[in-house]
Structures are given as C-alpha cells and as structure tokens.
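Structure, as structure tokens:
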There are 2 protein chains.
Amino acid sequence: MRKETSTNTLNKEQIESMCGMAYTISVLSGRWKLSILGFLLDGGTLRYSELKRKTAGISERMLIAQLKDLEADGLIERKAYPEVPPRVEYKLSKKGKSLETILNLMSAWGEDNKGIRP
Amino acid sequence: MRKETSTNTLNKEQIESMCGMAYTISVLSGRWKLSILGFLLDGGTLRYSELKRKTAGISERMLIAQLKDLEADGLIERKAYPEVPPRVEYKLSKKGKSLETILNLMSAWGEDNKGIRP
DNA sequence: TATGGTACTGACAAAAATGTGAGAAATGAG
DNA sequence: CTCATTTCTCACATTTTTGTCAGTACCATA
C-alpha cells in the first residue's frame, strides 16, 4: 500500500520499533477503522453484508481494505463459510477487544468536549 | 483546507453533531499531532524552536500547520512575546491535558501489543 | 552596512487515501 | 438457460495530506 521508496514512509518494522503510541496510531488510523471496531464491539459477530449496511457511506472498496488491514493487524477475525452465496463473518479478536477501554474513553472524551468553544 | 463541495467532506458542524468518537478522531488525526501533544505533556511549556528540535523529521510547514490545528481545536495555547528575535511558547490547555489518560493508555496498549504476531 | 537568529509563509509538487463504477465467481431457484 | 445473491476485485479518477525549498520581518549586534 505504501511505496517503499517514499521518503516519508515507515514500514512495519520501523513502526514496531518505535514508541507504543506510534504503533497504536498506525493500527487505528484509517477513516473507518474505529467505526468498524465500534460496530463489532456492539454487534459481536457480523456478516460482511451487515457491516456494509451499518457503514453506509463508505465505499465497498474501502470497507474491504479496512477489514483486511484490521485482520492483518490481528484486531479482527474473519471466518468464511464454503456456501453459495458466500457467507463471511467478522468479529473482534482478543487483541481487538482489548482496545475497548480506550475506545470508550475516546468516545466519552469526544462527547464531553465536542461542543466546547475554547 | 477542505473543499466544501467534496462528497466525502464533513465540516466542523457535521463532525460535532456526530458521535464523540468522530470528534476525538478529527481532533487527533494528523501525522504529528500526538507527538506534539506528547512532547508538551512531558515538557510543559516549550518554545517553537524546542518543538522543532524535538520533532526533527517533520517539515516546518507541517509543524506550524499542526500547531495551528491544535490551537484552533483548543488543545494547546500559544503565547507570543513581542521581542526580537521572536519568542513563542506553546503549552497544553486544560482541554489538552484532559487527554492525558487516553494518550497514556494508547501508548501502553501499543507497547503491550506491537510485537505480537496474531 | 551587513549578519544572524526566530518564527513563520507561500508556491509548487509528490504521495497517500478515498471514491466510482464495472464486473467476477459460484450455484440454487425459476 | 437466465437471474439473483453475496463477497469481493480492479482500473481509474479525485481529494487530501504531506513534503521541499525559497523567502519574509524584525532588530540587535558587529
């Protein structure tokens, strides 16, 4: 996804050798990842089509891309059933669930602060 | 910064009417914002030149841009002294400081999880 | 008069992220 | 045979973010 030649590119190993914050950011950044994690926190196990419905507004291409990223980073698990038409279920992994506290705090902070004019 | 005509643009009001998470993300997203907040959490009050030194690697243009964003969102405070050569100090606002718990948790989560191969 | 330090600004370009729209594969229902 | 359903994939275009690099303004100091 990133070009290795780019001056401003940090590859996986570089990121993982950095501070914890950098890794957390790298794993959560992406316009829809937190939404997806939120839906899976609420919904437990969801089919692709259910996620698609819940994330109305996001393009299919991006939904798939973000799901792939989240799976590659070990935050969600994908299970495909050999049926026709296909059925694929997504759910949080243990690692994904361990973000729950942080996600809740971020949400709460936003609620508390979003209206405030400094 | 964003074009109002863009399909995928959410303006400030729209974001603030959304869930808290969306607001939190909108305020923290930007490649260097969390680093800057981290430095200010550690360092208290810092001059522009000190921030510049600490964020070696980030271009000056971006550093300024992110400082402006953070200030506009009320997370940091800027104080300019009428001297020559100029002196400008930055520090966290109360709102900025209130992110401390979240930032620490994110950092800790990253440390705990960055090495793990799912 | 020239120089140097500090905190920026602006034009331009490259890179990254996201969107759009079309289509693929597999198979049971009609 | 044709169609509908589901989970994706691909080529291409646009939007957004970030980087590069050259300047600016101020005045004290040499």
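The values are calculated or read from the model by the stated rules, or taken from the named source; none is laboratory data. Predicted model only: the values in this text are computed from it and were never measured. Because the Cβ atoms are built from the backbone with ideal geometry, glycine has one as well, and the counts that use them run over all protein chains shown. Please note that ligands, DNA and RNA were not included when accessible areas were found on the heavy atoms of the full protein model with its side chains. Shrake-Rupley method; radii C 1.70, N 1.55, O 1.52, S 1.80 Å.
Which of the residues belonging to region A:77-105 are within 14 Å of chain B (Cβ to nearest Cβ) and of a type in the set (Gly, Ala, Ser)?
A:Ser93, A:Gly96, A:Ser98
For region A:78-118, how many residues meet the condition of being open to solvent by less than 90 Å² (accessible area, probe 1.4 Å), within 12 Å of DNA strand D (Cβ to nearest atom) and more than 13 Å from A:Leu41 (Cβ to Cβ)?
6
Pairs, please: C-beta under 6 Å, at least 6 apart or cross-chain, first residue closer than 20 Å to A:Pro82 by Cα and within 13 Å of DNA strand C (Cβ to nearest atom) and in region A:47-63, second open to solvent by 90 Å² or more (accessible area, probe 1.4 Å) and in a helix (DSSP H, G or I)?
As it stands, the answer is none, since no pair meets every condition given.
Could you list, in sequence order, all residues of region B:31-46 that are without any contact (Cβ under 8 Å) to a residue 60 or more places away in the chain and either in contact with a Leu (Cβ under 6 Å, 6 or more places away or on another chain) or closer than 17 Å to B:Ser93 by Cβ (or both)?
Correct list: B:Lys33, B:Ile36, B:Phe39, B:Leu40, B:Asp42, B:Gly43, B:Gly44, B:Thr45, B:Leu46.
Given the criterion at pLDDT 85 or above and either of a type outside the set (Phe, Trp, Tyr) or open to solvent by less than 30 Å² (accessible area, probe 1.4 Å) (or both), identify the matching residue among A:Thr55, A:Thr5, A:Thr9.
Going through A:Thr55, A:Thr5, A:Thr9 in turn, just one is at pLDDT 85 or above and either of a type outside the set (Phe, Trp, Tyr) or open to solvent by less than 30 Å² (accessible area, probe 1.4 Å) (or both): A:Thr55.
Name, by its number, the condition in (1) away from DNA strand C (no atom under 16 Å from the Cβ); (2) touching a Gly at 6+ places or on another chain (Cβ under 9 Å); (3) farther than 19 Å from A:Thr24 by Cα that does not hold for B:Glu111.
(3)
I'm told A:Ile25 meets every condition in (1) within 20 Å of B:Ser29 (Cβ to Cβ); (2) within 12 Å of DNA strand C (Cβ to nearest atom); (3) in contact (Cβ under 8 Å) with a residue 24 or more places away in the chain; (4) not polar (S, T, N, Q) except one. Can you identify the failing condition by its number?
Condition not satisfied by A:Ile25: (3).
So how many residues does region A:65-77 have that are of a type in the set (Asp, Glu) and open to solvent by 60 Å² or more (accessible area, probe 1.4 Å)?
Number of matching residues: 2.
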